[in-house]
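Visitor: Take this structure first; my questions come after.
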Amino acid sequence: MEEELRGILSERGLSVSSLPEKGRCLLTTNHFSPGEIIISQEPYVSVPNHSRCEVCFGSDKLKKCAACHFVWYCGSKCQKADWTLHRVECQALSKLEKERQKYLTPSIRLMVKLYLRRKLQDQKVIPNTVTDNYNLVEALVSHMSEIDEKQLVLYAQMANLVSVILQWPDLKLKEVTENFSKLACNAHSICDSELRPLGTGLYPVISVINHSCLPNAVLMFEGKTAVVRAVQPIPKGSEVLISYIETAGSTMTRQKALNEQYFFNCSCPRCMNLGQCEDIQESAVLEGYRCDANTCTGFLLRDPDNKAFICQQCGRLRKLEDIKQIASEVKSFSEKAATALKSGNYEEAGSLYKTVEKLQLKLCHPLSLNLMSTRESLLKIFMELNNWKDALVYCRMTIPVYEKAYPGCHPMLGLQYYTCGKLEWLLEETGNCIRSLTKAFDILRVTHGTNTPFMKELLAKLEEAHAEASFHTQTH
Ligand SMILES: [Zn+2]
Ligand SMILES: [Zn+2]
Ligand SMILES: [Zn+2]
Ligand SMILES: [Zn+2]
């Protein structure tokens, strides 16, 4: 099997190798240009988030499976496509007491499906292929030795539930526990083109790809198909790297996230800068405070006594107490705002987030991620309220931070330009709309390709805007 996989990868200009400090990795044996597909894979198993079709993850015209009353389908086409696996899953789920069904979280379901699929492949009911077989799952890392006791107990409890569902006398609980640990660091969240999460899937070949905070490739999904595209020119003989985490963040924040979920210390070029001038400045801008002086855009560092922060541009001091005071106000208003937003009270949420923004303007560096995330919330609220004008104001304010936090070809930056362009279109700012949509297209055609319905819609909007602009130049 391994040999065959090597053959298939080599046809695509790829090879799997093993690095002493990193384990397995995916290398290129050909050159890849930005936008080019490096590899794509269907999930070995996948589950949707609640109330979505089991197969296509759609949310329209859903009906529950009449037998187990648990799994949803959008129609008979998807139901039929899932029947080979669901037939056995359905029997297991139907036997489960109603009381226990509420414990069927996506992780539990993914594990049940993993074992059922393995069994059906053992029995040759579902064919094994080079990229679709349980051996590839077996080869994934689990990091069992690094997991803390509490987590291990939780995984063991989850394994018990899987055993209750499957009722296989020969099921090895220890192996199921280890597999939960495997899923935690290998399963991928499946998102739509706008990066909204739809479900979870396991893609054992894609899982070979390692992480970088400055990646040369990006993982996106087309339906449930995982597609990895180059975002930079990747020369022959390089390692293919994607990002596992939200890359907008200081080196400390990123390393904490990677350590907690994936158990490794990142040694990418961004992380290797830790503690150096450039890195300290970046952290102080993205997550730090602003200078007290009105027009100064300097970044602040702690003084050696830890009692104040000093502006690195004008030398002004800011007392720790002053910062703590505002920070606690920000916290309390943010909590109220989040509650209002959650309950759908947009007017109230909007005015609370504006208070948070006002406080953060006194507290945070103008390019800080916290301030940006507040403005991001305001953008969403104004969109909900159909207030395009204010939404556009906030969308535009986030762009400089996006440019800084997501350097290069990043889907987040492309999507933000897209939102900007859509708002400008609604507000009949045709010239600006063309500029924003063009920027969006230049980024997203690399990260998303050009063939998806999402990209076709973007292109259609851009053409419409061009037509509108030329109509105006003709008539005026
Ligand atoms: Zn469907
Ligand atoms: Zn069923
Ligand atoms: Zn890194
Ligand atoms: Zn200053």
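Visitor: Evaluate the distance, in nm, between pseudo-label points positioned 7 Å from the Cα of Lys77 and of Ser33 along their respective Cα→Cβ axes.
Guide: 3.4 nm
Visitor: Along the Cα-to-Cβ line of Gln474, 7 Å from the Cα, sits a label point; which residues in the stretch 412-444 have backbone N less than 18 Å from it?
Guide: Residues 430-431 fall inside that zone.
Visitor: How much mean residue ellipticity at 222 nm does the chain get from its helices, if each DSSP H run of length 4 or more adds -39500 (n - 2.57) and you divide by all residues, to the nearest 500 deg cm²/dmol?
Guide: The helix-only estimate for the chain comes to -17000 deg cm²/dmol at 222 nm.
Visitor: Please sort through the DSSP H helices of the chain and keep those with an alpha-carbon extent of at least 18 Å along the long axis and a Kyte-Doolittle average not below -1.0.
Guide: Going by DSSP H runs, the hits are 76-95, 106-122, 149-166, 173-186, 320-342, 346-363, 369-384, 388-405, 411-426, 430-448, 453-475.
Visitor: Ok, one more. Would you list which lysines come within 19 Å of Lys422, measuring only between C-alpha atoms, while excluding same-chain residues fewer than 8 positions from it?
Guide: Qualifying lysines at Cα under 19 Å: Lys380, Lys389, Lys439, Lys456, Lys461.
Visitor: Starting from the Kirkwood Rh over alpha-carbon pairs, what translational D in µm² s⁻¹ does the stretch 275-401 have by Stokes-Einstein at 10 °C and 1.306 mPa s?
Guide: 103 µm²/s
Visitor: Past the 39 angstrom mark, what percentage of all C-alpha to C-alpha distances in the chain do you count? Walk me through the numbers on the way to the answer.
Guide: Values: 37473 of 113050 pairs.
When all Cα pairs of the chain are counted, 33 percent exceed 39 Å.
Visitor: For Gln151 and Asp303, what does the FRET efficiency come to when R0 = 41 Å and r is the distance between their Cβ atoms, rounded to the nearest 0.05?
Guide: Approximately 0.55, to the nearest 0.05.
Visitor: Please list 313-325, 190-202 highest first by mean number of surrounding beta-carbon atoms within 10 Å per residue.
Guide: 190-202, 313-325
Visitor: Given a Förster distance of 35 angstrom, what is the FRET efficiency for Leu214 paired with Met144, based on the Cβ-Cβ distance and rounded to 0.05?
Guide: The calculated FRET efficiency here is 0.75.
Visitor: Can you compute log10 of I(q)/I(0) for the stretch 87-138 with the Debye formula, treating each Cα as one identical point scatterer, at q = 0.20, 0.26, 0.30 Å⁻¹?
Guide: -0.75, -1.02, -1.18
Visitor: Still on this structure, please answer the following. Using 0.36 nm times the number of residues separating Lys342 and Asn135, minus their current alpha carbon distance, what extension gain do you get?
Guide: So the chain would gain 70.2 nm between Lys342 and Asn135.
Visitor: Diagonalise the Cα gyration tensor of the stretch 10-74 and give the resulting equivalent ellipsoid semi-axes, square root of 5 times each eigenvalue, largest first, whole Å.
Guide: Numbers: eigenvalues 306, 48, 17 Å².
Rounded to whole Å, the semi-axes are 39, 16, 9.
Visitor: Starting from the Kirkwood Rh over alpha-carbon pairs, what translational D in µm² s⁻¹ does the stretch 406-476 have by Stokes-Einstein at 10 °C and 1.306 mPa s?
Guide: 130 µm²/s
Visitor: So if R0 is 45 Å, what FRET efficiency would Asp292 and Lys22 give, r being the distance between their Cβ atoms, rounded to the nearest 0.05?
Guide: 0.50
Visitor: Return the distance in nm (one decimal) between the two label points of a simple spin-label model at Lys389 and Asn49, each offset 7 Å from Cα along Cα→Cβ.
Guide: In this crude spin-label approximation the distance works out to 3.3 nm.
Visitor: How do the peptides 94-101, 370-377, 425-432 rank, highest first, by the average count of neighbouring beta carbon atoms within 10 Å per residue?
Guide: 370-377, 425-432, 94-101
Visitor: Along its principal axes, what span do the Cα atoms of the stretch 52-190 show, with the longest given first and each in whole Å?
Guide: For the stretch 52-190, the Cα extents along the three principal axes come out at 45, 39, 31 Å.
Bear in mind that the values in this text are calculations on the coordinates, not laboratory data. All values reported here derive from a predicted model rather than from experimental measurement. Glycine gets a Cβ as well: all are built from the backbone with ideal geometry, and neighbour counts include every protein chain shown.
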